[in-house]
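The values are calculated or read from the model by the stated rules, or taken from the named source; none is laboratory data. Remember, predicted model here, so these are calculated numbers, not experimental data. Note that we place each Cβ from the backbone using ideal geometry, even for glycine, and neighbour counts take in every protein chain shown.
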Amino acid sequence: MRRWLPHAIRGICMGSADVVPGVSGGTVALVLGIYERLVATIHHCASAAGHLLRADLRGVRERLRQVEWAFILPLLGGIAVAFVTLARVIEVLLEDHPVELAAVFFGLVAASGWVALGYLKEPDARLIPVALVSAVITFLVLGLRGDDVTDPSLLVVFGAGALAICAMILPGISGSFILLMIGLYEYMIGALNDRDLLVAGVFILGAAIGLALFSSVLDRLLRDHHDIVLAAMIGLMVGSLRVLWPWPDGTESAAIEAPPSGEWLIPLALALAAAALVVAVGLAARRRPA
């Protein structure tokens, strides 16, 4: 239990972030110091599935031996618990306290970008253009919004799962916000709250296949071009702050406005508190790797 519980708590933190449009579970994994370990573990699982499809049982066994089960199973369990238990809570908070919630996660993501700088192995000036281009592209893309889809086909749900999961493991890009952009966020939150097992199952299947394909590419990129990839991820986090700007509502509007007079103090305090927490957790994670 002493080995599993910390990973389950990390999973709950990641799942809680993924439920919020604009916040990525990958951001939390990076702050907690488990991001590359997570990508590598997912890659091993995906490789095992690939060997299974080719009926290469020896390859399956070899790949499964490389999987850190004591790490990934409690982590996934924590993510699942967060999705099932917090979906309704987040839905209510988004409706009743959108400014305060956006401010908390604005501070979280902004500080996460600063923490991520500490994971660069050889920081130098060539990484600055990479981060800037990534930030600008992310900022522009996240200004897009789609109309809500009320009755999507299962094929659309499958594709949405594959697309959202890729965003969920990238720091700075939220799988929930991708769903919001394509008009499926409210539909999927409703399906979770209503325990619609068919829709949830199809979405999970799409997510599993998308994750298997994307994790292999990401794992190789992190091994071969670590700092360039990390600089791009820092840019993703900076650009994603657009959708977390609290005024008028960072989760539902692309507009960026100045805070109303006299209404900025509490959101600012919440943002600073969240940022301080992230910095503290990030420093602790670096001193004591997961």
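Taking the stretch 44-61, which residues are modelled with pLDDT of 85 or more, in contact with an Asp or Glu (Cβ under 9 Å, 6 or more places away or on another chain) and of a type outside the set (Gly, Ala, Ser)?
His44
So which residues in the stretch 186-211 are over 13 Å from Ala160 (Cβ atoms) and buried (at least 20 other Cβ atoms within 10 Å of the Cβ)?
Leu211
If I filter the stretch 92-143 down to residues being outside any helix (DSSP H, G or I) and farther than 21 Å from Gly25 by Cα, which single residue comes out as modelled with the lowest pLDDT?
His97
So the check is Cβ under 7 Å with 6+ separation or different chains; which pairs have a first residue in the stretch 75-88 that's closer than 21 Å to Arg2 by Cβ and free of Cβ contacts under 8 Å to residues at least 60 places away in the same chain and a second one that's part of a helix (DSSP H, G or I) and of a type outside the set (S, T, N, Q)?
Going by the 7 Å Cβ cut-off, there are no qualifying pairs.
In the stretch 22-33, is there at least one residue being at pLDDT below 90, outside any helix (DSSP H, G or I), buried (at least 18 other Cβ atoms within 10 Å of the Cβ) and over 19 Å from the mean Cα position of the chain (by Cα)? Break it down into steps so the answer makes sense when it comes.
So the first thing to find is which residues in the stretch 22-33 are at pLDDT below 90, and the list is 22-33.
If we keep only those that are outside any helix (DSSP H, G or I) too, we end up with 22-24, 32-33.
Filter again for buried (at least 18 other Cβ atoms within 10 Å of the Cβ), leaving 22-24, 32-33.
This time we only want the ones that are over 19 Å from the mean Cα position of the chain (by Cα), so: none.
Scanning the stretch 22-33, I find no residue that is at pLDDT below 90, outside any helix (DSSP H, G or I), buried (at least 18 other Cβ atoms within 10 Å of the Cβ) and over 19 Å from the mean Cα position of the chain (by Cα), so the answer is no.
Filter the stretch 255-271 down to the residues that are surrounded by 14 or more Cβ atoms within 10 Å (Cβ to Cβ) and at pLDDT 85 or above, then identify the one that is nearest to Val115 (Cα to Cα).
Ala271
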